[in-house]
């Protein structure tokens, strides 16, 4: 068992590590470690000694990043030029967002797909008995969700190899056979030629707008969808204070390395969902916003038919749900979330 002496030694090592830092850095580290200690000693059950030790070590990692101790600065998003670098960075960024989720937290995100569909009058029959693909699956939440909603087979693809490994781990933890849910590392922009017209259902939730070529990604979704099939696509809607705030913060932190920001949020004990939301909006290299008219025109130009727009979300922090419940907030929310069911003619 971890002893008081072990913890004391870890704290002494952290003190030595930060001794040459600015007053602000030392104050932040002191506050963060104290807050974690207070949180753990106020929790039911034995004090989480291993968790506290891990947090102290996280604080030391942050301290090294502030000083650049290893001499190898992490690349900031605004310094990347080519597609390969953007895809690698984006894949890594989102992989690190998914891995920290607890199993309960992860399964809560799995349930969000069914909740959003039901709020829009759509039941599990959308996926039941069909061959499905999740384009940009991350840690596999919606791939597993489609399986639980009765899909015959699900393929989940993502550019981040760490995310794919995490998705496989989640699948195994829930006893789901790889024959039912399959994950592989793929770019949305260059899917296998043999996948043309192979999937009854194509899902891509919050991913296309982060690629270097959202139009091509949409074309790939259309190409792999079977005639008569349905695609569920979510992209960012344009306008409103939300995106002005995103752009304001991005300009403010444009040269901040992503890993430093992530470690700082960990130091502050930010909830894993909040960290995801911040990394998603502040540090992803690319994001595109469209009006509903622009997106529908793009879908039709690609060959899709627009079957239904899903006007409702699940929680008030989603722009579409806030617009639904509080239409007076339209100037702040802009177009809301653009979630659509799209068809491909037989």
(message) Can you pull out every residue in the stretch 95-110 that is assigned to a helix (DSSP H, G or I) and either buried (at least 20 other Cβ atoms within 10 Å of the Cβ) or within 15 Å of the chain's Cα centre (by Cα) (or both)?
(response) 95, 96, 97, 98, 105, 106, 107, 108, 109, 110
(request) Name, by its number, the condition in (1) touching a helix residue (DSSP H, G or I) at 6+ places or on another chain (Cβ under 8 Å); (2) assigned to a helix (DSSP H, G or I); (3) closer than 15 Å to residue 134 by Cα that does not hold for residue 220. (result) (1)
(request) Look at residue 294 and say whether it is within 22 Å of residue 212 (Cβ to Cβ), at pLDDT 90 or above and in a helix (DSSP H, G or I). (result) yes
(message) Can you tell me which condition residue 66 does not meet? The list is (1) part of a helix (DSSP H, G or I); (2) loosely packed, with under 14 Cβ neighbours inside 10 Å; (3) at pLDDT below 80, and all the others hold.
(response) (2)
(request) Identify the single condition in (1) part of a strand (DSSP E or B); (2) at positive phi that residue 233 does not satisfy, given that it satisfies every other one. (result) (2)
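Condition check ((1) surrounded by 17 or more Cβ atoms within 10 Å (Cβ to Cβ); (2) more than 16 Å from residue 97 (Cα to Cα); (3) within 17 Å of the chain's Cα centre (by Cα)) across all residues:
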{"residue": "113", "(1), (2), (3)": "yes, yes, yes"}
{"residue": "123", "(1), (2), (3)": "no, yes, no"}
{"residue": "133", "(1), (2), (3)": "yes, yes, no"}
{"residue": "138", "(1), (2), (3)": "yes, no, yes"}
{"residue": "141", "(1), (2), (3)": "yes, no, yes"}
{"residue": "152", "(1), (2), (3)": "no, yes, no"}
{"residue": "164", "(1), (2), (3)": "yes, no, yes"}
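Restricting attention to the stretch 321-335, does a residue exist that is under 27 Å from residue 219 (Cα atoms) and not in a loop (DSSP other than H, G, I, E, B)? It would help to see each step written out before you state the result.
Within the stretch 321-335, the first condition is being under 27 Å from residue 219 (Cα atoms), and the residues that meet it are 334-335.
Still in the running and not in a loop (DSSP other than H, G, I, E, B): none.
The answer is no; no qualifying residue exists.
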(request) Answer yes or no as to whether residue 129 is over 22 Å from residue 180 (Cα atoms), at pLDDT 95 or above and out of contact with any helix residue (DSSP H, G or I) (no Cβ under 9 Å at 6 or more places or on another chain). (result) no
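The values are calculated or read from the model by the stated rules, or taken from the named source; none is laboratory data. What you see is a predicted model; the values in this text were computed from it and never measured. Note that each Cβ is placed from the backbone with ideal geometry, even for glycine, and that neighbours are counted across all protein chains shown.
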